[in-house]
Every structure is written in structure tokens, then in C-alpha cells.
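The values are calculated or read from the model by the stated rules, or taken from the named source; none is laboratory data. Note that the structure is a prediction, hence the values are computed from the model and not measured. Note that we place each Cβ from the backbone using ideal geometry, even for glycine, and neighbour counts take in every protein chain shown. Each accessible area value is taken on the protein alone, full model and side chains, heavy atoms only, with ligands, DNA and RNA left out. Shrake-Rupley method; radii C 1.70, N 1.55, O 1.52, S 1.80 Å.
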Amino acid sequence: MLAGLMGPAVGLPQWVTWGGWTVSYFSGGWFGVIAAFGAIRRFEVDIDLLMILAALGALSIGAPFEGAMLLFLFSLSNVLQDFAIGKSRQAIRALMSLRPETAMLVTGSGVVETAIEEVEPDAVYRLRPGDRLPLDGVVTTGESEVDQASLTGESVPVVRGPGDPVFGGTINGSGSLEVRVTKRAGESAIARMIALVEEAQGEKAETQRILDRFEQPYALLVIAMTAVAVAIPVLILNEAWDPAFYRAMTLMVAASPCALIISTPAAVLSAIAAGARNGVLFKGGVFVEALATVRSVAFDKTGTLTAGETRLTDLVPAEGVDPKELLALAASVQARSEHHLAAATVRRAEGDGVELLNVEDFRASVGRGVAGRVDGREIQIGNRLHLAVGSGGASDHGTAQKSDDFLGWEGGGAGGPHARGSDLSAEHARLSDEAKTVVAVVEVQDGQLVPLGLLAFADTVRPGAAAVVEQLRRMGVVEVAMLTGDTRTVADEVARQTGIDTIYAEVLPEGKVEIVKELRARHGTVLMVGDGVNDAPALAAATVGVAMGGVGTDVALETADLVLMADDIGKLPWAMELSRRARRTLIANLVFAVAIIIVMIGFILTIGLPLPLAVIGHEGSTVLVSLNGLRLLAFRQK
């Protein structure tokens with residue numbers, strides 16, 4: 001292009017000048033011609049065809065420089081667009097390199113390096129300090145910090161020990177671990193994450209779909225406008241052909257919707273990539289836009305607002321009983337039970353470093369409780385209506401006392417075995433009012449039940465849940481609801497701790513769908529957050545369904561539109577703010593692109609804007625909207 005421009009000025013032969021123009025047209029228009037012919041074969045008109053026609057038109061009226069400049073800048077802008085959008089895709093492609101190709105399997109003959117595709121569930125692999133995890137699994141031996149930032153967006157490494165889940169693609173810290181594989185390579189969290197984001201990048205946003213439908217008729221309109229811009233001055237106003245045609249070519253360039261078409265994917269793909277790097281997976285551009293419009297939020301309770309795991313929250317010893325003694329006796333007996341409350345007691349004992357004692361004559365009665373001899377002491381654990389009743393109770397050992405009054409609910413006398421129980425009655429009532437499951441630990445002494453203390457269990461509220469609810473309100477969410485199949489008492493307590501507005505308790509899965517529809521009818525848009533199979537219908541009914549990626553069931557993950565990989569509901573306000581920022585960027589891009597087109601057309605029709613300036617305005621606006629969308633890759637919530 002430069003050789004063709006400067007040739008006549010420095011006295012170069014004409015063949016050098018036209019050789020420069022020829023090479024410039026050929027290199028700048030090659031891919032545009034291919035794309036234009038492809039569109040023509042489909043009986044379509046696209047932007048590439050408009051640019052090729054404008055360049056050839058300029059050449060035909062003796063303005064080869066303008067045509068060469070148009071093709072050069074058009075090619076350059078396409079390169080920069082690909083670079084901008086490619087940057088958002090690189091964030092996802094980088095995930096592919098996170099997972100090692102092999103795992104160090106522990107076998108009977110030693111440690112064997114094996115390709116991850118050949119590793120089956122229940123195999124055990126070994127990790128050295130600093131190793132990257134090859135596959136999802138559960139730690140069997142060792143303790144170490146694991147950096148999960150690449151997968152979940154957590155900024156701080158988390159401690160992982162026996163029984164804790166770990167994910168392929170994350171990085172082991174300073175300890176050594178042995179991990180039992182739970183999922184094949186193709187089913188791992190990182191493989192699922194890559195697949196979800198690749199699908200999302202192919203799923204267009206609603207605005208982009210509208211613009212794609214608009215591109216074809218708009219291109220035809222531009223061609224028609226160009227023809228009219230030539231015909232009226234030449235045929236009616238008797239203007240010379242060359243200036244009329246030059247002005248028409250300038251109009252064609254100025255009116256072409258390149259910036260308009262690229263404005264949406266530039267913003268949306270960058271938002272998807274930014275979310276993925278922070279453990280938030282959008283399943284499509286349409287959900288990036290939809291999340292920005294949410295005005296009401298419905299949370300499932302168990303596994304979403306709460307941790308989804310029963311914990312021993314309160315240990316209340318009777319007067320004169322050491323708390324560690326109470327925990328040791330209870331955990332020793334319950335270690336033989338498979339009940340979830342028993343498992344919670346054992347976990348608490350292990351966490352507190354309490355050593356379990358030897359148990360003999362263990363008995364369990366479904367729905368009643370457990371009993372056993374611990375160092376010769378007969379210990380029973382259960383609720384007050386079931387202790388000393390049935391095969392699991394102390395009646396097998398001659399106890400005659402009625403269970404209804406063993407903790408003093410019937411007013412046991414002072415100084416007797418009921419004195420301890422009287423002290424525990426108020427605690428039992430308090431804990432029950434807090435919607436906790438309360439069981440008693442008693443010892444059988446001389447045919448009497450002597451209370452040793454109380455154990456209270458609850459599915460604890462996730463740390464930060466109340467802060468998330470408050471953040472959502474500050475962001476303009478007008479109603480925050482909780483849907484649960486649990487009792488009203490439990491739901492009220494969770495709502496009290498989190499600040500939830502509206503409570504729907506004892507709700508069946510089909511009831512959740514109806515409630516979500518009601519919220520949608522009331523507010524226009526609703527976001528539903530859940531993790532279980534029973535949440536899937538409600539997730540599908542919501543404007544945007546959000547699944548918890550770690551504890552969430554496969555059904556919930558497939559149904560949801562957005563996945564929180566770290567099970568961190570604190571990422572929800574972050575995702576909403578990212579979505580709103582993307583929407584603002586998208587609107588700004590559209591307004592800017594339309595404004596540039598209108599301004600350039602106005603200048604062409606009034607002061608005769610030259611073609612080179614129209615080319616610069618057209619291609620410059622295309623590059624600017626691409627780079628503006630790219631800024632979302634660096635999004636940080638205030």
C-alpha cells in the first residue's frame with residue numbers, strides 16, 4: 001500500500017506503483033473474498049462482501065489508495081478482534097494444561113506411573129509436595145494444603161486430610177498425600193468445567209442473536225442505500241459519475257455494521273472467561289445477560305444456605321461431668337453406629353483429639369438410640385421418649401424407671417439421680433427451640449438412668465450466608481426467599497441466622513417449581529440456587545438456575561445455567577456484578593457503534609467526509625469495542 005502511495009511522488013516506474021496496489025489488494029482482500037463467496041453461495045450478504053465491493057468501487061474510479069487502505073484496516077481490525085476474543089478463550093484453553101497426563105498409582109508391586117485415561121475409580125495414587133493432582137478423589141493418607149484457585153477461584157489454599165475431597169488440576173502443598181480415585185479422567189471436575197465453558201462460548205447471548213438476525217437485512221439495506229446514493233445524483237441531479245460513486249462507496253463503508261456485530265461477543269465471551277477463572281461457570285452468553293436482570297432470589301436450604309452436613313454443635317455435660325469424658329463415652333458407643341448423628345459425634349471427637357474407648361455389648365435400635373458397655377459402664381444414647389424402652393434400651397438390663405422423667409421433666413426430687421437432669425431440662429428446651437436435634441447421654445446405675453449430658457446436632461449455616469443475603473439486597477434484589485422440605489421450626493431458625501425475607505417450609509419438589517413460578521410472576525425474573533436432585537425442576541423453571549458445583553448432584557449441574565465450582569455462595573453477588581458490568585459494557589459498545597455510524601453518515605452527506613476518514617472511523621470503532629469488551633477479563637468486584 002505504501003509503495004503504491006509513494007511511487008509517483010518519488011518517480012518510481014508505474015509498474016512498481018501498480019504492483020504495490022495489486023499486492024495490497026490481494027493480501028488485504030484474500031480472506032474477505034473467500035468469506036464473501038461463501039456468503040453468496042448461501043444467498044446471503046455479509047460485511048465481507050460490503051468491504052470487497054467498496055474497495056473495488058474505489059479502484060474503479062481511480063482511488064486505489066482508499067481501497068487498499070480499507071482492505072488493510074479491515075484485515076487489521078479482524079486480527080485485533082480475533083486477538084481480543086482469543087484472549088478470553090485462552091483463559092479456558094489454559095485449563096487443559098492444568099491436569100497432568102499421568103498418575104503415580106500405588107499397587108501391590110510398588111508405585112507405577114500410569115496414563116490418567118487408564119485409571120479406574122477406587123485406584124489410589126500418590127502425591128509428592130508440589131505435585132499437581134491428576135484426578136478427582138478422596139484423601140486416604142496424609143495431610144497437606146491444596147491450592148484450588150485454578151478450579152474454584154479460592155484465593156487461599158485449603159487443608160485436606162483423610163476423608164476430604166480433592167480435584168484434578170489443583171496443586172498439592174508441602175505434604176504428601178495418597179488419594180483414592182472417585183471419577184474417571186473424563187468425568188473429573190476440571191473436565192466437566194472445560195466442557196461447560198466450551199459449550200457456553202458457543203451459546204450466543206440474546207442480544208447477539210438479535211444482531212445476527214439483523215445483519216442480513218441491514219447489509220441488503222446498505223447495498224440498496226449505496227445504489228440510491230449513486231442513482232439519484234447521477235440520474236436526477238445530473239452530477240458526474242465519479243464524485244457520486246465515490247460518495248456512495250464512502251457511505252457503504254461508514255454504514256457497515258462491523259462494530260455493531262462484534263460488540264456483543266467481545267463483552268460476553270470476556271465475561272464467561274473471567275467467571276471461569278474465578279470458579280463461576282456460565283453455560284452460555286444468554287445467561288450472562290439474564291443474570292444482570294435478576295430481581296428476586298430463591299435459595300434451597302440444605303447444602304446451599306447450610307453446609308449439608310450434620311454437625312455436633314453443642315456438648316452440654318451434666319453437673320460434675322467432664323466435657324471430654326462425655327464426648328469420649330458418646331463417641332465410643334456411636335462409633336459402632338451408621339447413623340448420621342453418630343458420625344457427627346465421631347467427627348467431633350476426632351477433631352478434638354479425644355481417644356475412643358473400648359465398647360462391649362453394643363446394641364442399636366432403629367429410630368430409638370444406641371447402647372453399650374464402656375469400660376464396664378452401661379451407656380445409653382437417645383431421645384427421652386426412647387431411652388430404656390425396647391431392645392436398644394436399658395430395660396434389657398432390669399431398668400424400671402420411666403423414660404418420660406429421667407431428665408427431670410416430671411419434676412425429679414433434689415438430691416436423687418434426677419438432680420442432674422433438672423439442670424439439663426432448660427438446656428434441652430433452649431436447644432430444641434433453636435431447631436437442633438437433641439439426644440441425651442445417660443448411664444444406668446442400680447436400675448436408674450443417670451444423665452451425663454446432652455448432645456445437640458444441626459446442619460450449620462454456611463459462613464458468610466447472612467452477608468451474601470445482605471449484599472443481594474444492596475444490589476437491588478427485592479425479595480430473598482428460602483425453599484425447604486424441612487420443618488417450619490428449622491426453616492425459621494436458618495432464616496433468623498441469614499436474614500431471609502420469605503420462608504417456604506415443608507415444600508415438595510413440585511411445590512418448589514410453583515413457588516419459583518410465583519416469584520417470577522411477581523418480580524419478572526428469579527434466580528434459584530440449589531444442589532440436589534429435588535432442586536432440578538425449580539432450577540429449570542427459574543430465569544437463571546444456579547447449582548453448587550462441589551456438592552451438587554449431576555442432575556442439578558446439568559439443569560443449572562450457572563455453576564459455583566467452590567460451593568461458595570459468596571461468589572453469587574460477584575457473578576451478578578460481573579453480569580451487570582458485562583451488560584453495561586455491551587450497551588456502551590452498541591451505543592458507541594451506532595453513534596459512529598450516524599455521525600459519519602451525517603458528515604458524508606453534509607461536508608463530504610473523505611473515504612480514508614470513513615475507513616478509519618469504521619475500523620477504529622470496531623477495534624475499540626473489541627478492546628472495551630476485553631477489559632472484563634480483569635474484572636474485580638469492589
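Hey, can you tell me all the residues within segment 36-55 that are assigned to a helix (DSSP H, G or I) and crowded, with 16+ Cβ neighbours inside 10 Å?
Passing the criteria: ALA36, ALA39, ILE47, ASP48, LEU49, LEU50, MET51, ILE52, LEU53, ALA54, ALA55.
Taking segment 318-339, which residues are modelled with pLDDT under 90 and either in contact with a His (Cβ under 8 Å, 6 or more places away or on another chain) or of a type in the set (D, E, K, R) (or both)?
Once the filter is applied, which keeps residues that are modelled with pLDDT under 90 and either in contact with a His (Cβ under 8 Å, 6 or more places away or on another chain) or of a type in the set (D, E, K, R) (or both), segment 318-339 yields GLU319, ARG336, GLU338.
Let me confirm something: among ALA292, ALA271, ALA244, ALA298, which residue is open to solvent by less than 10 Å² (accessible area, probe 1.4 Å), modelled with pLDDT of 85 or more and within 14 Å of SER579 (Cβ to Cβ)?
Answer to the check: ALA271.
Listed residues VAL469, VAL563, VAL529; which is in contact with a strand residue (DSSP E or B) (Cβ under 6 Å, 6 or more places away or on another chain), at pLDDT 90 or above and under 15 Å from LEU291 (Cα atoms)?
None of the other options fit; the residue is VAL529.
Could you give every pair whose Cβ atoms fall below 7 Å, whose first residue belongs to segment 17-30 and is under 20 Å from LEU53 (Cβ atoms) and in contact (Cβ under 8 Å) with a residue 40 or more places away in the chain, and whose second residue is among the hydroxyl-bearing types (Ser, Thr, Tyr) and part of a helix (DSSP H, G or I), counting only separations of at least 6 or pairs across chains?
Note: pairs meeting the criteria are GLY28/SER75.
Among ASP423, ASP404, which is the only one that is assigned to a helix (DSSP H, G or I), exposed (fewer than 14 other Cβ atoms within 10 Å of the Cβ) and modelled with pLDDT under 85?
So the residue among ASP423, ASP404 that is assigned to a helix (DSSP H, G or I), exposed (fewer than 14 other Cβ atoms within 10 Å of the Cβ) and modelled with pLDDT under 85 is ASP404.
Inspect segment 229-239 for any residue being in a helix (DSSP H, G or I), polar (S, T, N, Q), farther than 23 Å from GLY629 by Cβ and at pLDDT 70 or above and give the result as yes or no.
Within segment 229-239, none of the residues are in a helix (DSSP H, G or I), polar (S, T, N, Q), farther than 23 Å from GLY629 by Cβ and at pLDDT 70 or above.
Working only within segment 474-511, note down all residues that are open to solvent by 60 Å² or more (accessible area, probe 1.4 Å) and within 19 Å of GLY545 (Cα to Cα).
VAL478, LEU508, GLU510
Being modelled with pLDDT under 90 and within 45 Å of the chain's Cα centre (by Cα) is the filter; apply it to segment 357-370 and report the residue that is surrounded by the most Cβ atoms within 10 Å (Cβ to Cβ).
Filtering first and then ranking leaves GLY369.
Quickly run through segment 580-615 and pick out the residues that are of a type in the set (Val, Ile, Thr), more than 40 Å from the chain's Cα centre (by Cα) and surrounded by 15 or more Cβ atoms within 10 Å (Cβ to Cβ).
ILE601, ILE604, VAL615
Can you find a residue in segment 428-445 that is over 30 Å from ALA566 (Cα atoms), of a type in the set (Asp, Glu) and modelled with pLDDT of 85 or more?
yes
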